[in-house]
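Below you'll find the structure, written out as structure tokens, and then a few comments.
The values are calculated or read from the model by the stated rules, or taken from the named source; none is laboratory data. Every value quoted in this text rests on a predicted model; they were computed, and no experiment measured them. No Cβ is skipped: glycine too gets one built from the backbone with ideal geometry, and neighbour counts run over all protein chains shown. With ligands, DNA and RNA removed, areas are computed over all heavy atoms of the protein, side chains included. Shrake-Rupley method; radii C 1.70, N 1.55, O 1.52, S 1.80 Å.
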Amino acid sequence: MSHLKTPATVAGARMTGLGAYRPDRVVTNAELAPRIDSSDEWIQERTGIIERRFAGAEETCASMGAIAGTRALADAGIAATDIDVVIVATFTHRHATPSASAEIAHLVGATNAAAFDISAACAGFCYGVGLADSLIRAGSAKHVLLVGTEKISDVTNYDDRGTAFIFADGAGAVVISASDVPGIAPTVWGADGSSMDAIIMQPDTLTAARVGVQSFLTMEGQRVFRWAVGSMGEVCERALVAAGIEARDLSAFVPHQANLRITNAIVKKLDLPESVTVATDIQLTGNTSAASIPLAMDALREQGQLKSGEPILMVGFGAGLAFAGQVALAP
Ligand code: UT7
């Protein structure tokens, strides 16, 4: 039997550039509260959210993702034509096909890139980091552009007391490149489809189109909250063990910005020392699903609290119920 050639493997990969896009329109709790018989006080107390951003009518997942992607490329200092793969994590792209990644690759000028989307909801960004790391270490790509982008305002029912106040729009992106020194530790990930109804688009898009109604994102908030608080601490602990470091070695903890109470519960479970900076971008950005972790990294960087080359712990969790977490060196 003849041996087929395979690419030379590479020691590691690391995040080398970061970019973000926040839509202009700021939406306060006071604007959303009346339709759901809520209040600024309740929303802040239960979620930590003070305000969020909504995209404009002309903006799309792809247009926002392309801006974040272009900024990440500039930050990494590499040309779009050097990108081998564009991966986009989103659940709010307007077409089931073609992919948001093909559109974003075109918009940023990544003309030599393969492009595909991943559907892992709020875990999508961390799934993408794991995938990009694997592609690079296997020698299948040198430079990957990973984008998390969402326009959740398109699929939110503003009369739904369980979701209207929590979700928002935005995009974040990282460039991940081959590196002599490993900069992304193993990804701890999984999914539990037996709970697929806990966060789900209802009715499904085909049925919605047939009967002429809109398909909205629905969520059993308490059920998801209990799952996240009950199990994401352990996922983080497993990610730390997989990376071979202790919680005290971390520079920052950047969890999916789902709810400030969930973040605080995980911080407590991990017993994170005060030296570890905790991302709390949900306060001004809301829950932007696949975009929330790179947006939170960007906010830390703006505050001078993201130290390039220092280890950070990321964890994403949401519909699926899918989750993924890993330690990586900050871009
Ligand atoms: O990103 C993907 C993953 N998603 C998440 O991780 C989200 C997880 N879930 C959550 O963050 C929380 O469950 C929510 C923020 C969505 C809801 O907070 P909660 O503390 O779980 O509220 P609850 O549903 O347990 O309701 C508590 C109380 C109830 O009143 P009583 O029965 O205690 O008198 C509700 O009727 O708050 C009431 N309530 C509201 N009040 C004002 C429920 N929704 C609202 C509302 N405004 N919008």
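For the stretch 188-329, the Cβ-based charge dipole about the Cα centre amounts to some 200 debye (Lys, Arg positive; Asp, Glu negative; other atoms uncharged).
Rolling a 1.4 angstrom probe over the chain with all protein chains present gives an accessible area of which 52% lies on carbon and sulfur atoms. Quick note on the stretch 188-329: its Rg to Rh ratio, both from C-alpha atoms and Rh being the Kirkwood radius, is 1.03.
Rolling a 1.4 Å probe over the heavy atoms of the protein chains gives the chain an accessible area of 43 Å² per residue. Projecting the Cα atoms of Leu217, Val254, Thr277 onto the charge dipole of the stretch 188-329, computed from C-beta unit charges around the Cα centre, puts Leu217 farthest toward the positive end.
Comparing mean-square fluctuations of Gly316, Gly286, Gly162 from a GNM of the chain with C-alpha springs under 10 Å, the top value falls on Gly162. Dividing the helix sum by the residues of the chain, where each DSSP H run of 4 or more adds -39500 (n - 2.57), gives a mean residue ellipticity at 222 nm of -9500 deg cm²/dmol.
Site-free segments of the chain were taken between trypsin sites (Lys or Arg not before Pro) in DSSP loops having at most 12 other Cβ atoms within 10 Å, sites themselves excluded; the longest one is 162-331.
Applying the criteria of a DSSP loop state and at most 16 other Cβ atoms within 10 Å to the GluC sites (Glu not before Pro) of the stretch 210-286 yields Glu220, Glu246, Glu274. You can think of it this way: the chain between His106 and Arg94 has 2.7 nm of extra reach, that is 0.36 nm per residue less the Cα-Cα gap. For the chain, the Cβ-based charge dipole about the Cα centre amounts to some 480 debye (Lys, Arg positive; Asp, Glu negative; other atoms uncharged). Excluding same-chain neighbours fewer than eight residues apart, the lysines reachable from Lys307 by a Cα-Cα span under 28 Å are Lys142, Lys268, Lys269. When DSSP beta bridges are restricted to pairs lying wholly in the chain, around 70% turn out antiparallel.
Applying 0.36 nm per residue to the separation of Lys307 and Arg210 and subtracting their alpha-carbon distance, the gain on full extension is 29.9 nm. The slack between Asp160 and Ser134, meaning 0.36 nm per residue of separation minus the straight C-alpha distance, is 5.4 nm.
Estimated from the Cβ-Cβ distance and a Förster radius of 41 angstrom, the FRET efficiency linking Thr6 and Asn264 is about 0.35. The stretch 114-180 and the stretch 38-77 have Cα centres separated by 13 Å.
Working from label points 7 Å from Cα in the Cα-to-Cβ sense, the Arg226 to Ser194 distance is 1.5 nm.
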